[in-house]
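Reviewing the structure listed below.
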Amino acid sequence: MICEELLDELQRLNSREQLKVIQILAGELAVEGEAYFQDGTVYDFWSPIDAPEAANLLRKMLDEQQEMNSQP
């Protein structure tokens, strides 16, 4: 949990200083996010290309919705 003292201090900053703090924190988060993936490592991921049943189900649902919308 964030220290109340820190929050109070941040609220005392002017807008420009608050934006600077946000930039610093966002930059640190971006760097941490980049470290999540390692160079040269192969990662598996799911693709709908190998799931024709998902495409068929989606088409069926869209057709049913379109029929419901076109009925008076």
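For VAL21, neighbours were defined as the other residues whose beta-carbon sits under 12 Å from its Cβ, and their charges (Lys and Arg +1, Asp and Glu -1) total 0. For the chain, the longest principal axis of the alpha carbon atoms and the long axis of helix 52-70 meet at an angle near 80°.
For the chain, the mean residue ellipticity at 222 nm estimated from helices alone is -22000 deg cm²/dmol, where every DSSP H run of n ≥ 4 contributes -39500 (n - 2.57) and the total is divided by all residues, rounded to the nearest 500. If you sort the three axes of the alpha carbon gyration tensor as a ≥ b ≥ c, you get a/c of 1.5 or more for segment 4-70 and a/b no higher than b/c, which makes it oblate. Measuring from label point to label point, each 7 Å out along Cα→Cβ, what is the LEU10 to GLU64 span in nm? Computed distance between label sites LEU10 and GLU64 equals 4.5 nm.
Read-outs: derived from the displayed coordinates by stated rules, not from any lab. What you see is a predicted model; the values in this text were computed from it and never measured. In this analysis, Cβ positions are derived from the backbone assuming ideal geometry, glycine residues included, and neighbour counts consider all displayed protein chains.
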